[in-house]
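See structure below.
The values are calculated or read from the model by the stated rules, or taken from the named source; none is laboratory data. Note that the structure is a prediction, hence the values are computed from the model and not measured. Note that we place each Cβ from the backbone using ideal geometry, even for glycine, and neighbour counts take in every protein chain shown.
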Amino acid sequence: MLTVGSKLFKLSPITACVVIVSTALVLFLFASQGLKEALESVGLPSFPLVPVSQSQAAVGSILGVGLAKGGRNMNLKLLRNIVLGWVATPAMAAILCYVALFIMQNVFMQQVFV
């Protein structure tokens, strides 16, 4: 978080507060069962209840602050590396899980339930 908060875009105390509040709001919106039910009860569309990463929400908030400030001082190389990490992490986890299950089934003859 230190890298994101200081190297992606230099935050002032006010913009850091905005980032924290918007990150917390996003996490609340995507995790609140009561809000989902309240919105649906009055016929409004609701947010899906999905797990949301706090670090991804914070990076999105910092990106929003950077864009609001004109986007000139953003470290786009670091942002590219962060986004690549977001894509590569679940892909690598899926591949490693597949290989591990294959080894468990075919090498150790363990039944893997699907």
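Picking from 88, 58, which residue would you name as being under 22 Å from residue 2 (Cβ atoms), out of contact with any Leu (no Cβ under 8 Å at 6 or more places or on another chain) and surrounded by 13 or more Cβ atoms within 10 Å (Cβ to Cβ)? Only one candidate qualifies: 58. Consider the range 3-30 and keep the residues that are under 17 Å from residue 74 (Cβ atoms) and exposed (fewer than 13 other Cβ atoms within 10 Å of the Cβ). The one that is farthest from the chain's Cα centre (by Cα) is 12.
For the range 80-100, state whether one or more residues are within 23 Å of residue 13 (Cβ to Cβ) and free of Cβ contacts under 8 Å to residues at least 60 places away in the same chain. The answer is no, given that none of the residues of the range 80-100 is within 23 Å of residue 13 (Cβ to Cβ) and free of Cβ contacts under 8 Å to residues at least 60 places away in the same chain. Scanning the range 69-96 for residues that are more than 19 Å from the chain's Cα centre (by Cα) and either of a type in the set (S, T, N, Q) or at pLDDT 95 or above (or both) yields 73, 95, 96.
Pull out all pairs, ordered by first then second residue, where Cβ-Cβ is under 8 Å, the residues are six or more apart or on different chains, the first lies in the range 6-18 and is outside any helix (DSSP H, G or I), and the second is of a type outside the set (A, V, I, L, M). Taking only residues 6 or more apart or on different chains, the pairs are 9/66; 9/69; 9/73; 9/75; 10/73; 11/5. Quick check on residue 102: is it loosely packed, with under 14 Cβ neighbours inside 10 Å and touching a helix residue (DSSP H, G or I) at 6+ places or on another chain (Cβ under 8 Å)? Answer is no for this residue. Just one of (1) under 25 Å from residue 65 (Cβ atoms); (2) not in a helix (DSSP H, G or I) fails for residue 46. It is (1). Taking the range 49-72 as the range and being part of a loop (DSSP other than H, G, I, E, B) and out of contact with any helix residue (DSSP H, G or I) (no Cβ under 7 Å at 6 or more places or on another chain) as the test, the residues that pass are 51, 53, 69, 70, 71, 72.
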